1. Scan Ala498, Ala463 and give me the residue that is among the aliphatic types (A, V, I, L, M) and not in a loop (DSSP other than H, G, I, E, B).
2. Out of everything in segment 205-228 that is outside any helix (DSSP H, G or I) and farther than 18 Å from Arg164 by Cα, what residue ends up being nearest to the chain's Cα centre (by Cα)?
3. For segment 408-427, check the following and say yes or no: at least one residue is buried (at least 19 other Cβ atoms within 10 Å of the Cβ), assigned to a loop (DSSP other than H, G, I, E, B) and polar (S, T, N, Q).
4. Can you pull out the residues in segment 452-464 that are touching a helix residue (DSSP H, G or I) at 6+ places or on another chain (Cβ under 9 Å) and modelled with pLDDT of 90 or more?
5. Return yes when Gln99 is at pLDDT 95 or above, out of contact with any Cys (no Cβ under 7 Å at 6 or more places or on another chain) and open to solvent by 40 Å² or more (accessible area, probe 1.4 Å) and no when it is not.
6. Run Pro231 past the list (1) in a helix (DSSP H, G or I); (2) open to solvent by 60 Å² or more (accessible area, probe 1.4 Å) and report the number of the one that doesn't hold.
7. How many residues are modelled with pLDDT of 85 or more and either on the phi > 0 side of the Ramachandran plot or open to solvent by less than 10 Å² (accessible area, probe 1.4 Å) (or both) when one looks only at segment 32-53?
8. State all residues of segment 282-339 that are of a type outside the set (S, T, N, Q), open to solvent by 60 Å² or more (accessible area, probe 1.4 Å) and under 60 Å from the mean Cα position of the chain (by Cα); if no residue qualifies, say none.
Amino acid sequence: MTRFLLLIALLIGLAAPARADDISAAGRGVVRVVTIASAEGQIVGFGHGSGLAVAPNRIVTNAHVVELAARYPDNVVIGIVPSEGAKSYRGKLIAYDAQRDLALIEFTGTQLPPLTVYPGPVTDGETVIALGYPGNVDLATAQSAADYIRPLMPVRSQGGFAGRRAISGVDVLLHTASIARGNSGGPLLDQCGRVIGVNSAITRTEDGDSSFGFAIADTELAAFLRDAKQPYATTGAPCTSIAQRLEQDKETAAQRADREAQAAQAAAAEAAEKRSAAIERARQDQARTRENFIGGATLLLVLGSLALSGAGLLATRGARRLALWALGGGVVLMLSAVVLFFVRPFGEVTVALPAAATAPSGPTPAVEGKLLCHIAPERSRINTSTPGDVTIDWGKDGCVNTRTQYVENGSRWERILVPAEEQTVSILEYRPAERVYTESRYLLSASAMEQARRLRSSVTIKACTPDEPTRQKLAQQQAAIRDALPPQPDEWLVYECAAAK
């Protein structure tokens, strides 16, 4: 017994490399659950199943996997073997529900990335994935007992959802993903790596019958965790793959470009229409003005003629002085008529329109102060998170919440967060011109997180600073972390911000 426990404690096996996808990310929160029974100093029983992390230090598995530990707590040791790392850990039974076939185990010594529960709905025929440690694979590949407690990534199998059933009053999910003894307690996942059930049993196959798997439904898992007062992550966001979301983003960008082009065309057409209407009004005004000038010239010409005729008549009657005044007035009126006729409006109509507004050059300055940011689901890939509103206090030179320094990168400001415990690196960005705040989340393996933390350790800036060279150094350090990340994040949350009241 002592030698076996030492083997667990001193295990130095390494985890196998994982593929960078949603299922592999979920697999980092899947464990092997080992039970070792002893009596009078001798090992009398060994069993194993699978489990899934619902908290950094708590595991859910099937009750039947740890049944002996529940019945004989002083004689059965529970071992938790993570999928990554270098050793295993001793577990403690916290909650046990034989009816639902679920159990909750606590352990210390490391922290695991918890899985997220998806409450459905799941449609018939939908692809589902089982993760766990099937015993028939162990029998075919294990070289010694140590291989059963060596950290390894879980085995995945894929099938289809075949409907809901009830077994002894417990809701279960029927599926065709291949599972075997040892998969018990492991998760049944949707295509985005969210938990929809806990695998617990398989049908017997006789005379060539097809095999089906049973998983404790998400509703039963949620009820069990509530009864155990165990918080857990959940999301109701629909499953959208990275490729699908990127394609949707392209379509959205294209649609946005089309809308902008159509708006520009409409604005141009409206401007042309307004210009044509202005020119037509100007022509009409000019025509009226011309007519008024000609009418005025004609009137002056008639009055001048009458004045000259009156001068002649006065001269014949000997009123020489009045005749001279009439003659002078007639000449002035005639000359005024000629001048008025020739100064009437001529040529094409020109309309002076206001100059088009030009966009200011250079980056748009960030508006300082508190911003309230709401999630934009149509622009986000929400996979394992349940995002709420975010409030940020944007300060001068990228100082956020008076304590966190962001650095300028083109038209955006960014900061990379590498937590000490979680297996997630986040890139936080704020684009002042658009008032858009984003969080890109990378769910990394243990080795990738270790590398990111090493790079993070070189970052010595812990507070805001107005010093430009210091911010440039931070930008260089963050660029090194960014270069070590995968090409695409696993999840990105896009928030649209406005000034907070």
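The values are calculated or read from the model by the stated rules, or taken from the named source; none is laboratory data. Remember, it's a predicted structure, so these values are computed and weren't measured experimentally. Cβ atoms come from the backbone with ideal geometry, glycine included; neighbour counts cover every protein chain shown. What goes into the accessible areas is simple: the full protein's heavy atoms, side chains included, and nothing from ligands, DNA or RNA. Shrake-Rupley method; radii C 1.70, N 1.55, O 1.52, S 1.80 Å.
1. Details: Ala463 fails: not in a loop (DSSP other than H, G, I, E, B).
From the options Ala498, Ala463, the qualifying one is Ala498.
2. Of all residues in segment 205-228, those outside any helix (DSSP H, G or I) come to 205-217, 228.
If we keep only those that are farther than 18 Å from Arg164 by Cα too, we end up with 205-209, 228.
Working: Thr205: 45, Glu206: 48, Asp207: 50, Gly208: 47, Asp209: 45, Ala228: 32 Å.
Among residues in segment 205-228 that are outside any helix (DSSP H, G or I) and farther than 18 Å from Arg164 by Cα, the one nearest to the chain's Cα centre (by Cα) is Ala228.
3. Yes, because at least one residue in segment 408-427 is buried (at least 19 other Cβ atoms within 10 Å of the Cβ), assigned to a loop (DSSP other than H, G, I, E, B) and polar (S, T, N, Q).
4. Filtering segment 452-464 for residues touching a helix residue (DSSP H, G or I) at 6+ places or on another chain (Cβ under 9 Å) gives 452, 455-456, 458-461, 464.
Ala452, Leu455, Arg456, Cys464 - these are the residues of segment 452-464 that are touching a helix residue (DSSP H, G or I) at 6+ places or on another chain (Cβ under 9 Å) and modelled with pLDDT of 90 or more.
5. Working: at pLDDT 95 or above: yes; out of contact with any Cys (no Cβ under 7 Å at 6 or more places or on another chain): yes; open to solvent by 40 Å² or more (accessible area, probe 1.4 Å): yes.
Considered against the rule, which asks whether it is at pLDDT 95 or above, out of contact with any Cys (no Cβ under 7 Å at 6 or more places or on another chain) and open to solvent by 40 Å² or more (accessible area, probe 1.4 Å), Gln99 comes out as yes.
6. (1)
7. The number of residues fulfilling the criteria is 9.
8. Arg283, Asp285
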